[in-house]
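Here the structure comes first, spelled out in C-alpha cells, and everything after it is commentary.
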Amino acid sequence: MKHLLPPLPYDPAALEPHVDARTMVLHHDLHHASYVANLNSALEKFPELHERTAFWLLLNLSQVPEKARTAVRNNAGGHVNHSLFWRAMCPAASGAPSGPLADAIKRDFGSFEQFKARFAEAGAKVFGSGWVWLARAQQNGGGLQIYTTSGHDNPLMQGHFPILVNDVWEHAYYLKHENRRPDYLKAWWAVANWEEAARRFARFDKSAEQDWENEGGLLAAPAA
C-alpha cells in the first residue's frame with residue numbers, strides 16, 4: 001500500500017488574489033508531494049505499517065520503529081496537515097461561520113472579530129515554521145481553543161480535534177507577501193472555508209472516527 005497525494009479540491013488559481021496560483025502549485029505539487037514521497041520511503045522496510053494511514057501513524061508513533069520514527073512523524077504530519085489545509089480554504093468563501101459553530105465561537109471568544117484577532121496574533125507569533133489551529137478539546141465539554149504547533153505536529157497529538165487550520169510555514173505565503181506574515185494571515189480570511197469547519201465541528205463524535213483517520217490522504221495498492 002502506498003500513500004497518495006490528494007488532489008487540490010479546486011483549481012490552483014481559484015483562491016486568487018488572496019493566495020496566488022504559483023504558491024498553490026509549488027505548495028501542493030512540490031512541498032506536499034515531498035512529504036508523501038518521503039513517508040512512503042520511510043515506511044518501505046516496515047511492511048507491518050504499510051496499511052496504516054498517515055493519521056494513524058501520527059497518533060501511534062510509539063508503534064513505529066525508532067529508526068524511522070522521526071521521519072514518519074515529520075512526513076506523516078506534513079501529509080495530514082496539508083490534507084486538512086487544502087480543505088480549510090475554498091473559492092467564494094462565506095466570510096464568516098454560521099449556526100452552531102458561530103454560536104460556539106461567540107461563547108468561547110466573545111465575538112467572531114475577537115476570535116479572528118486572537119487567531120491571527122497566535123499565527124504571527126509562531127517562531128519559525130508551524131501551524132495555527134482552531135480546535136475543539138476532547139475534554140471539558142469540547143470548548144473551542146486556539147492552538148499553535150511547530151513543525152508538522154497536530155493538535156490531535158494532544159487530544160484536541162482540529163476545526164480550522166492555517167499554514168504559517170514561509171512557503172505558504174512568501175512569494176506574495178515576502179516576510180509579512182501578518183498580511184498573509186489577514187488576507188487568508190477571505191478564503192477560509194467555514195462550511196468545512198462547520199462540518200468538522202458537527203462531526204465531533206466517535207462515529208466520525210473512520211472519517212478522521214482517512215483525512216491523512218489516500219492509500220492505494222501498488223500497481224501489479
Picking from Trp169, Trp194, the residue that is in contact (Cβ under 8 Å) with a residue 40 or more places away in the chain, open to solvent by 40 Å² or more (accessible area, probe 1.4 Å) and closer than 22 Å to Pro12 by Cα would be Trp169
In segment 151-194, residue farthest from the chain's Cα centre (by Cα) [restricted to those that are polar (S, T, N, Q) and more than 18 Å from His27 (Cα to Cα)]: Gln158
Run down Ala102, Ala122, Ala137 and say which single residue is open to solvent by less than 10 Å² (accessible area, probe 1.4 Å) and of a type in the set (A, V, I, L, M). Ala137
Is there a residue being touching a Leu at 6+ places or on another chain (Cβ under 9 Å) and among the small types (Gly, Ala, Ser) anywhere in segment 151-158? no
Output for segment 41-59, where each listed residue is open to solvent by less than 60 Å² (accessible area, probe 1.4 Å) and either of a type in the set (Gly, Ala, Ser) or over 14 Å from Val80 (Cα atoms) (or both): Ala42, Leu43, Phe46, Leu49, His50, Ala54
So Leu57 clears everything in (1) under 19 Å from the mean Cα position of the chain (by Cα); (2) at pLDDT 95 or above except one condition, right? Which one? (2)
Which condition breaks for Pro7 when tested against (1) open to solvent by less than 50 Å² (accessible area, probe 1.4 Å); (2) under 19 Å from the mean Cα position of the chain (by Cα)? (1)
Which residues, counting only those in segment 17-40, are of a type in the set (D, E, K, R) and either over 18 Å from Asn166 (Cα atoms) or surrounded by fewer than 16 Cβ atoms within 10 Å (Cβ to Cβ) (or both)? Arg22, Asp29
Has segment 68-80 got any residue that is open to solvent by less than 10 Å² (accessible area, probe 1.4 Å), touching a residue at least 60 places away in the same chain (Cβ under 8 Å), part of a helix (DSSP H, G or I) and in contact with a His (Cβ under 6 Å, 6 or more places away or on another chain)? yes
Quick one: count up the residues across segment 1-54 that are among the small types (Gly, Ala, Ser) and modelled with pLDDT under 95. 1
Members of segment 25-59 found to be assigned to a loop (DSSP other than H, G, I, E, B) and farther than 17 Å from Gly78 by Cβ, listed by number: Glu44, Lys45, Phe46, His50, Glu51
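The values are calculated or read from the model by the stated rules, or taken from the named source; none is laboratory data. On a predicted model such as this, the values are computed, not experimentally measured, just so you know. Every residue, glycine as well, gets a Cβ built from its backbone with ideal geometry; the counts of neighbours run over all protein chains shown. Areas reflect the complete protein model, heavy atoms only, side chains present, ligands, DNA and RNA absent. Shrake-Rupley method; radii C 1.70, N 1.55, O 1.52, S 1.80 Å.
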